[in-house]
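Scroll down for the structure; my scribbles are underneath it.
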Amino acid sequence: MVLTTQYLRGWTAAIAVALAALVIPAQAWAQLDVGTRAPAAAVETLDGKPVDLSTFIGEKPVLIEFWATWCPNCKALEPRIAAAAKKYGDRVRFVAVAVSANQTPARVKAYAERHAIPMTFLYDRRGNATGAYDVFATSTIFVLDAKGNIVYTGAGGDQDIEAALGKAF
(Lines give C-alpha, C1' and ligand atoms only; values in the text may rest on other atoms or scores of the structure.)
Protein backbone atom coordinates (compact mmCIF):
# COMPACT_ATOMS: atom_id res chain seq x y z
CA MET A 1 0.00 0.00 0.00
CA VAL A 2 1.23 3.46 -0.90
CA LEU A 3 0.68 6.01 1.85
CA THR A 4 -0.86 9.01 0.16
CA THR A 5 -1.21 12.44 1.69
CA GLN A 6 -5.00 12.08 1.65
CA TYR A 7 -4.78 8.72 3.44
CA LEU A 8 -2.48 10.15 6.11
CA ARG A 9 -4.68 13.22 6.54
CA GLY A 10 -7.70 10.96 7.08
CA TRP A 11 -5.98 8.95 9.79
CA THR A 12 -4.52 12.05 11.40
CA ALA A 13 -8.02 13.56 11.56
CA ALA A 14 -9.46 10.37 13.05
CA ILE A 15 -6.79 10.26 15.76
CA ALA A 16 -7.24 13.97 16.52
CA VAL A 17 -11.02 13.54 16.86
CA ALA A 18 -10.60 10.55 19.16
CA LEU A 19 -8.05 12.30 21.37
CA ALA A 20 -10.09 15.49 21.51
CA ALA A 21 -13.09 13.54 22.76
CA LEU A 22 -10.98 12.39 25.69
CA VAL A 23 -9.30 15.63 26.74
CA ILE A 24 -11.31 18.66 25.60
CA PRO A 25 -14.29 19.80 27.70
CA ALA A 26 -17.63 19.52 25.84
CA GLN A 27 -18.23 23.28 25.73
CA ALA A 28 -14.84 23.82 24.06
CA TRP A 29 -15.26 21.29 21.23
CA ALA A 30 -16.90 23.69 18.82
CA GLN A 31 -14.80 26.80 18.34
CA LEU A 32 -17.28 28.99 16.44
CA ASP A 33 -18.98 31.35 18.85
CA VAL A 34 -22.69 31.73 19.42
CA GLY A 35 -23.82 34.72 17.36
CA THR A 36 -21.43 33.92 14.52
CA ARG A 37 -22.85 33.48 11.03
CA ALA A 38 -22.63 29.83 9.96
CA PRO A 39 -19.97 29.36 7.26
CA ALA A 40 -20.32 27.79 3.84
CA ALA A 41 -18.47 24.54 3.16
CA ALA A 42 -18.21 22.26 0.13
CA VAL A 43 -19.45 18.76 0.96
CA GLU A 44 -21.25 16.11 -1.05
CA THR A 45 -24.44 14.09 -0.99
CA LEU A 46 -24.19 10.39 -0.24
CA ASP A 47 -24.57 9.87 -4.00
CA GLY A 48 -21.36 11.86 -4.58
CA LYS A 49 -22.94 15.07 -5.89
CA PRO A 50 -21.25 18.29 -4.77
CA VAL A 51 -23.31 20.57 -2.55
CA ASP A 52 -22.51 23.47 -0.27
CA LEU A 53 -23.60 23.23 3.33
CA SER A 54 -24.87 26.81 3.04
CA THR A 55 -27.74 25.61 0.81
CA PHE A 56 -29.30 24.06 3.92
CA ILE A 57 -28.98 27.26 5.94
CA GLY A 58 -31.59 29.98 6.05
CA GLU A 59 -35.39 30.09 5.81
CA LYS A 60 -35.81 28.03 8.99
CA PRO A 61 -33.71 26.84 11.93
CA VAL A 62 -31.14 24.12 11.26
CA LEU A 63 -29.51 21.55 13.51
CA ILE A 64 -26.16 20.39 12.12
CA GLU A 65 -24.44 17.41 13.72
CA PHE A 66 -20.90 16.40 12.83
CA TRP A 67 -21.39 12.68 12.89
CA ALA A 68 -19.87 9.24 12.29
CA THR A 69 -21.22 5.71 12.13
CA TRP A 70 -18.64 4.64 14.73
CA CYS A 71 -19.35 7.46 17.22
CA PRO A 72 -20.96 6.30 20.51
CA ASN A 73 -21.98 9.85 21.43
CA CYS A 74 -23.70 10.24 18.06
CA LYS A 75 -25.56 6.98 18.70
CA ALA A 76 -26.64 8.27 22.13
CA LEU A 77 -28.05 11.42 20.49
CA GLU A 78 -30.11 9.53 17.89
CA PRO A 79 -33.28 9.12 20.04
CA ARG A 80 -33.17 12.80 21.09
CA ILE A 81 -32.75 13.98 17.52
CA ALA A 82 -35.53 11.65 16.34
CA ALA A 83 -37.87 13.01 19.04
CA ALA A 84 -37.03 16.59 18.07
CA ALA A 85 -37.58 15.82 14.38
CA LYS A 86 -40.98 14.35 15.22
CA LYS A 87 -41.93 17.36 17.35
CA TYR A 88 -40.69 20.08 15.00
CA GLY A 89 -41.52 18.32 11.73
CA ASP A 90 -40.74 20.59 8.82
CA ARG A 91 -40.14 23.68 11.02
CA VAL A 92 -36.48 22.67 11.57
CA ARG A 93 -34.01 21.19 9.10
CA PHE A 94 -31.85 18.36 10.51
CA VAL A 95 -28.50 17.80 8.81
CA ALA A 96 -25.79 15.26 9.61
CA VAL A 97 -22.33 15.95 8.24
CA ALA A 98 -20.53 12.61 8.17
CA VAL A 99 -16.80 12.95 8.74
CA SER A 100 -14.67 10.93 6.34
CA ALA A 101 -12.49 9.18 8.93
CA ASN A 102 -12.97 5.42 8.70
CA GLN A 103 -16.16 5.52 6.64
CA THR A 104 -17.50 5.88 3.13
CA PRO A 105 -20.67 7.41 1.69
CA ALA A 106 -22.01 3.88 1.12
CA ARG A 107 -21.39 2.94 4.75
CA VAL A 108 -23.08 6.14 5.97
CA LYS A 109 -26.05 5.59 3.66
CA ALA A 110 -26.51 1.98 4.82
CA TYR A 111 -26.34 3.00 8.48
CA ALA A 112 -28.81 5.89 8.03
CA GLU A 113 -31.28 3.65 6.20
CA ARG A 114 -30.95 0.80 8.71
CA HIS A 115 -31.53 3.10 11.69
CA ALA A 116 -34.09 5.41 10.03
CA ILE A 117 -32.43 8.56 11.33
CA PRO A 118 -34.57 11.58 10.33
CA MET A 119 -31.76 13.75 8.97
CA THR A 120 -30.29 14.79 5.64
CA PHE A 121 -26.88 13.13 5.46
CA LEU A 122 -23.92 14.78 3.78
CA TYR A 123 -20.36 13.54 3.44
CA ASP A 124 -17.34 15.70 4.29
CA ARG A 125 -14.79 13.86 2.12
CA ARG A 126 -12.10 16.56 2.29
CA GLY A 127 -12.82 17.96 5.77
CA ASN A 128 -14.09 21.27 4.39
CA ALA A 129 -17.06 21.50 6.76
CA THR A 130 -15.11 20.17 9.74
CA GLY A 131 -12.49 22.82 9.09
CA ALA A 132 -14.94 25.67 8.43
CA TYR A 133 -16.81 24.92 11.66
CA ASP A 134 -13.58 24.22 13.56
CA VAL A 135 -14.90 20.90 14.85
CA PHE A 136 -12.68 18.80 17.12
CA ALA A 137 -14.99 15.85 17.79
CA THR A 138 -17.90 13.94 16.37
CA SER A 139 -21.24 14.53 18.10
CA THR A 140 -20.61 18.27 17.81
CA ILE A 141 -23.88 20.06 17.20
CA PHE A 142 -24.58 23.53 15.91
CA VAL A 143 -28.08 24.99 16.00
CA LEU A 144 -28.68 27.90 13.67
CA ASP A 145 -31.59 30.31 13.64
CA ALA A 146 -33.56 31.05 10.46
CA LYS A 147 -31.05 33.78 9.54
CA GLY A 148 -28.11 31.36 9.69
CA ASN A 149 -26.63 32.60 12.95
CA ILE A 150 -25.27 30.08 15.45
CA VAL A 151 -27.43 30.02 18.58
CA TYR A 152 -26.04 26.86 20.19
CA THR A 153 -22.90 24.73 20.08
CA GLY A 154 -22.16 21.61 22.04
CA ALA A 155 -20.75 18.12 21.91
CA GLY A 156 -21.27 14.79 23.58
CA GLY A 157 -24.03 12.26 23.95
CA ASP A 158 -25.98 13.99 26.71
CA GLN A 159 -26.91 17.26 24.97
CA ASP A 160 -30.40 18.65 25.53
CA ILE A 161 -31.54 18.86 21.91
CA GLU A 162 -34.91 20.33 22.86
CA ALA A 163 -33.34 23.22 24.79
CA ALA A 164 -30.78 23.78 22.04
CA LEU A 165 -33.50 24.07 19.40
CA GLY A 166 -35.50 26.37 21.67
CA LYS A 167 -32.75 28.96 21.22
CA ALA A 168 -33.48 29.10 17.48
CA PHE A 169 -37.08 30.33 17.81
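Quick look at the numbers
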{"item": "Residue match in segment 128-149 (condition: part of a helix (DSSP H, G or I), among the polar types (S, T, N, Q), open to solvent by 10 Å² or more (accessible area, probe 1.4 Å) and under 17 Å from Asp52 (Cα atoms))", "result": "yes"}
{"item": "Output for segment 23-57, where each listed residue is part of a strand (DSSP E or B) and modelled with pLDDT under 90", "result": "Ala30"}
{"item": "Residues of segment 58-88 classified as assigned to a helix (DSSP H, G or I), surrounded by 15 or more Cβ atoms within 10 Å (Cβ to Cβ) and touching a residue at least 60 places away in the same chain (Cβ under 8 Å), total", "result": "8"}
{"item": "Unmet criterion (only one of (1) on the phi < 0 side of the Ramachandran plot; (2) open to solvent by 60 Å² or more (accessible area, probe 1.4 Å)) for Asn102", "result": "(1)"}
{"item": "Single unsatisfied condition, Ala116 versus (1) under 13 Å from Ile81 (Cα atoms); (2) modelled with pLDDT of 95 or more; (3) not β-branched (Val, Ile, Thr)", "result": "(2)"}
{"item": "Any hit, segment 107-117, residues being crowded, with 16+ Cβ neighbours inside 10 Å and closer than 19 Å to Ala146 by Cα", "result": "no"}
{"item": "Number of positions in segment 95-127 that are within 19 Å of Val62 (Cα to Cα) and not in a loop (DSSP other than H, G, I, E, B)", "result": "11"}
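The values are calculated or read from the model by the stated rules, or taken from the named source; none is laboratory data. What you see is a predicted model; the values in this text were computed from it and never measured. Every residue, glycine among them, receives a Cβ derived from its backbone with ideal geometry; neighbour counts consider all protein chains shown. Note: accessible area is taken over every heavy atom of the protein model, side chains too, but ligands, DNA and RNA are not part of it. Shrake-Rupley method; radii C 1.70, N 1.55, O 1.52, S 1.80 Å.
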